[in-house]
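FYI, it's all coordinate maths here, none of it is from the lab. As the structure is a computational prediction, the values presented were derived from the model and not from experiment. Counting neighbours? That spans all protein chains shown, and the Cβs are built from the backbone with ideal geometry, glycine included.
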Amino acid sequence: MKKYIFLFVVTLLISCSSETEVTPIIPIDETAYFPSNNTTTWETTTATSLNWNTNNLDNLYDFLEEKNTKGFIILKNGRIVVEKYFNGHSQTATNPWYSAVKSLTATAVGIAQEENLLDINSKTSDYLGNNWSSLPQEKEDLITVEHHLTMTTGLVNNPNNLVAWTCTAPDCMNYNSDAGTTWAYHQGAFSQVQKILSEATGTDFKTYIKNNILDKIGASGNWSSVFDVNIFSSNTRSMARFGLLSLNKGTWNNEEVVCESYFNEMTNTSQNLNKSYGYLWWLNGKDGFIATDSSTNTGEIIPDAPADMFAALGANDQKIYVVPSKNIVVIRCGDSAGNTNQLANSSFDNELWQKINAVIN
């Protein structure tokens, strides 16, 4: 009797296995990928192969379009998973980075330092000469390049007066407090970094950034000026290339563009006044932050984003999000989402990450 039961079970198993279709497992390519610098070809992968929730993609797209987005990209291990354009934008159309270019500029400073052309611990006046500000000499001498990178120059901030806030003339650089004792998001103080780069390298900072970063990663763009602000514009893929360089800690396809030690300093807390700020990069996962309007806030900048995320953020909701723990880069460019008057971080960030999480988690 046992013999017949055994034969019946074996026959049943054979029958089931012959009728059941086995779904093949698609391997996820975890190797780092870098698009060629000389072609528009960019390797892609699918949300399905990553086991992402594709049912929520349309909801994400609808949200992006509703919020005045123009270009949106998600990279995973360097490969394009999502690339969408809205509101008449296209793959080749350009859009301003606004303050997201601060992070690009900070990266260039690290390269110049590695080339021994400048030292971020040196006085600003070592590069711009004395009287670049209206401060008494003993106060001016307190300000170093690092203070400009960390928004801690102590110069008077004029966020409600756009002309004064962006001005870099000496009579606009006024004393508020000793360098390193206060944090304030100050465009004029930042713009001095670009002047320092030009003076230290003997090359216009725009050319220096092009030669030492953009050309090396296959990115491109153009500059324009409003008041004393230098505005960089590019297509969405060039933003993604810079994000990918940053995901790989300053290395592009085995070539070190900026040294990793400086990159780590740049993308970690740079001072204790605003722990969510590095060298012109915003940092998530901290227990508080000072916003661009100088308001003090508890908790993370973007609570629903990964804690290890760092970001280049610009006015009108320009976003370069870099998430090492997930090996992803997210780019959003376009017009203001309309949720806030913040110059960089905004309530739109958290709403967007809720939609992204619904797809990638």
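Structure summary
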| item | result |
| --- | --- |
| Top of V226, V163, V323 by mean-square fluctuation, Gaussian network on the chain, Cα under 10 Å | V226 |
| At least 24 Å along the helix axis (C-alpha) and Kyte average at least 1.0, DSSP helices within the chain | 2-19 |
| Structure-derived Cα extents along the principal axes in Å - corresponding label in (1) 104, 43, 38; (2) 95, 48, 45; (3) 57, 48, 40 | (1) |
| For the range 130-265, diffusion coefficient by Stokes-Einstein and Kirkwood Rh (Cα), 25 °C, 0.890 mPa s, µm²/s | 149 |
| Estimated D of the range 199-280 in µm² per second, where Rh is the Kirkwood radius over Cα pairs and Stokes-Einstein applies at 37 °C, 0.692 mPa s | 230 |
| Net lengthening on full extension, E199/D171 (0.36 nm per residue, minus Cα-Cα) | 8.0 nm |
| Alpha-carbon Rg/Rh ratio, for the range 58-209, with Rh computed the Kirkwood way | 1.09 |
| Separation in nanometres of the label points that stand 7 Å from Cα toward Cβ, at T40 and T54 | 2.5 |
| Rounded to the nearest 20 debye, dipole of the range 54-360 from Cβ charges on Lys, Arg, Asp, Glu | 780 |
| Full-stretch length increase - S134, N222 - with 0.36 nm per residue and alpha-carbon distance subtracted | 28.5 nm |
| Calculated FRET value between A164 and D62, using beta carbons and R₀ = 56 Å, to 0.05 | 0.90 |
| Unsatisfied cross-links (Cα-Cα over 24 Å) in the set K216/K355; K102/K123; K102/K206; K216/K319; K326/K355 | K216/K355 |
| For the range 212-276 and the range 287-342, distance of Cα centres in Å | 16 |
| Relative intensity, log₁₀ I(q)/I(0), of the range 253-349 from a Debye sum that treats every alpha carbon as a point, q = 0.13 Å⁻¹ | -0.45 |
